[in-house]
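Reviewing the structure listed below.
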Amino acid sequence: MSGTGIGELLLLGKGSDLLSERGVSCTGELPPSSAPDLVERAEKARKDLGERAMVLGHHYQRDEVIQFADITGDSFKLAQAAADRRDAEFIIFCGVHFMAESADILTSPGQKVILPDLAAGCSMADMAAANQVDEAWRCLEKLGQSKGTIPITYMNSSAAIKAFTGANGGAICTSSNAERAMRWAFEQGEKVFFLPDQHLGRNTAVLKLGLKLEDCVLWNPWKPQGGLTDSEIKRAKVILWRGHCSVHGRFSLGNVEEVRAKVPGVKVLVHPECKHDVVKSADVVGSTEMIIKTVADSPAGSIWAVGTELNLVKRLAASNPDKKVLFLDKTICYCSTMNRIDLPHLVWAMESLVGGKAVNQIKVADGIARDAKVALQRMLALP
Ligand code: 13P
Ligand code: SF4
């Protein structure tokens, strides 16, 4: 990461790429990133795979990768795309591990999901371990609270946590349907156990459903009984897991105030994984897909300060030359795990498939996949 001033973003859009780190899950087989023919090789491998493969690209992927995506989208759109395309033998998922797991759960047994670099994880998903979640649920059971409590689990979680959710009457949500999922949960029970993103949970409960901040309590998995008293747990309407996104957690209220002071007419547009005070003060809040649509649909001359991952913000700036798109933070901030998927890994994965070898296949164990699918399908069925 390195410092850059607000308003310098358009310069970033003109070709500088500060991250050169690469995954090492296939050392020795990867083409070097300096290979001059990488684009041609990717084009050839993609053509050779034809209809046998579908390439999905999350909006945070690098330009060099996103150019080969058949479908780009937010987590929800990509999960839907994976569930819908029954005829593709291979789903090459340019995104992170939890997204590829969800695709594997939603596809049929004959389809293979490939993650070009296995090191593409998500720090937020790692903040909720299955044993910690089981332990928390046992605490709720002991207090007689589990019966009326509905787990709502953000897509950014391991398959095991999704399975816990499905097995206990809950549903998955993404940033584009968290409000619907939480409203659905309150129709099923009187308390929501929201994990693992405390910010999305709090922002949804307070800013969308109109609950009070005091209705939400924070479950710290590193403390006995989450660091909460019996009465705090009993009184709470929403129990938030203490997880967050390290990328979105960087944006602050100070960033919002600074850009408003410096740039007259600017509108602030952020992802709901940002902290509560940031989201509360923003002009528009939404998923990556919604962020793209909001800027695209705004009139020429609009000025946006965007609080989300930088690959996406750079692309927004480049694809909306009639508007001004600024990065909300003063420092450059990519999602380092999303960035693990680069062109050498994509070429390697596709050429291996052409050669008859499925590398880096993501396969969720049957027992986990069964319950996780219940939770994912509850999300897909939300009105
Ligand atoms: P979206 O579903 O909005 O694309 O978000 C995914 C994600 O990981 C954001 O950090
Ligand atoms: Fe995970 Fe945050 Fe990266 Fe999204 S941006 S994949 S939540 S670390």
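The values are calculated or read from the model by the stated rules, or taken from the named source; none is laboratory data. Here the structure is a predicted model, which is why all the values come from computation and not from measurement. As a convention, Cβ positions derive from the backbone with ideal geometry for all residues, glycine included, and neighbour counts pool all protein chains shown. Areas reflect the complete protein model, heavy atoms only, side chains present, ligands, DNA and RNA absent. Shrake-Rupley method; radii C 1.70, N 1.55, O 1.52, S 1.80 Å.
Candidates are the residues of region 90-113 that are in contact with a helix residue (DSSP H, G or I) (Cβ under 8 Å, 6 or more places away or on another chain), in a helix (DSSP H, G or I) and within 16 Å of ligand 2 (Cβ to nearest atom); the one that is most open to solvent (accessible area, probe 1.4 Å) is HIS97.
Identify, from the list ASP134, ASP84, the residue that is more than 20 Å from GLY243 (Cα to Cα) and away from ligand 2 (no atom under 16 Å from the Cβ).
Numbers: ASP134 fails: more than 20 Å from GLY243 (Cα to Cα).
Being more than 20 Å from GLY243 (Cα to Cα) and away from ligand 2 (no atom under 16 Å from the Cβ) holds for just one of ASP134, ASP84, which is ASP84.
Among the residues that make up region 124-147, is at least one of them open to solvent by less than 30 Å² (accessible area, probe 1.4 Å), of a type in the set (Gly, Ala, Ser) and either within 16 Å of ligand 1 (Cβ to nearest atom) or within 21 Å of SER176 (Cα to Cα) (or both)? Yes. Taking the conditions (1) of a type outside the set (Lys, Arg); (2) within 14 Å of ligand 1 (Cβ to nearest atom); (3) in contact with a Gly (Cβ under 6 Å, 6 or more places away or on another chain); (4) open to solvent by less than 20 Å² (accessible area, probe 1.4 Å) in turn, PRO151 satisfies each one other than (2).
Criterion first (away from ligand 1 (no atom under 16 Å from the Cβ), surrounded by 14 or more Cβ atoms within 10 Å (Cβ to Cβ) and of a type in the set (Phe, Trp, Tyr)) does PHE68 satisfy it? It is true that PHE68 is away from ligand 1 (no atom under 16 Å from the Cβ), surrounded by 14 or more Cβ atoms within 10 Å (Cβ to Cβ) and of a type in the set (Phe, Trp, Tyr). When LYS330, LYS363 are screened for being at pLDDT below 95 and either within 16 Å of ligand 2 (Cβ to nearest atom) or surrounded by fewer than 22 Cβ atoms within 10 Å (Cβ to Cβ) (or both), only LYS330 passes. Restricting attention to region 42-63, the residues that are more than 21 Å from VAL306 (Cβ to Cβ) and open to solvent by less than 70 Å² (accessible area, probe 1.4 Å) add up to 9. Of all the listed residues (HIS248, HIS244), the sole one being out of contact with any Leu (no Cβ under 6 Å at 6 or more places or on another chain) and under 20 Å from MET290 (Cα atoms) is HIS248. When the test is whether a residue is open to solvent by 40 Å² or more (accessible area, probe 1.4 Å) and assigned to a helix (DSSP H, G or I), ASP87 does not pass it.
Could you run through region 303-328 and say how many residues are away from ligand 1 (no atom under 14 Å from the Cβ), touching a strand residue (DSSP E or B) at 6+ places or on another chain (Cβ under 7 Å) and not β-branched (Val, Ile, Thr)? Please lay out each step first, then the result.
First, the residues of region 303-328 that are away from ligand 1 (no atom under 14 Å from the Cβ): 303-305, 314, 317-328.
Imposing the further condition that a residue be touching a strand residue (DSSP E or B) at 6+ places or on another chain (Cβ under 7 Å) reduces the set to 303-305, 317, 323-328.
Still in the list and also not β-branched (Val, Ile, Thr): 304-305, 317, 323-324, 326-328.
Of the residues in region 303-328, 8 are away from ligand 1 (no atom under 14 Å from the Cβ), touching a strand residue (DSSP E or B) at 6+ places or on another chain (Cβ under 7 Å) and not β-branched (Val, Ile, Thr).
Within region 225-237, the presence of at least one residue that is of a type in the set (Ser, Thr, Tyr), modelled with pLDDT of 95 or more, within 27 Å of GLY170 (Cβ to Cβ) and part of a helix (DSSP H, G or I) is confirmed.
Please go through region 280-316 and pick out each residue that is away from ligand 2 (no atom under 15 Å from the Cβ) and open to solvent by less than 10 Å² (accessible area, probe 1.4 Å). Of everything in region 280-316, those that are away from ligand 2 (no atom under 15 Å from the Cβ) and open to solvent by less than 10 Å² (accessible area, probe 1.4 Å) turn out to be VAL295, ALA305, LEU316. Across region 163-183, the number of residues qualifying as assigned to a helix (DSSP H, G or I), away from ligand 1 (no atom under 15 Å from the Cβ) and not hydrophobic (A, V, I, L, M, F, W, C) comes to 3.
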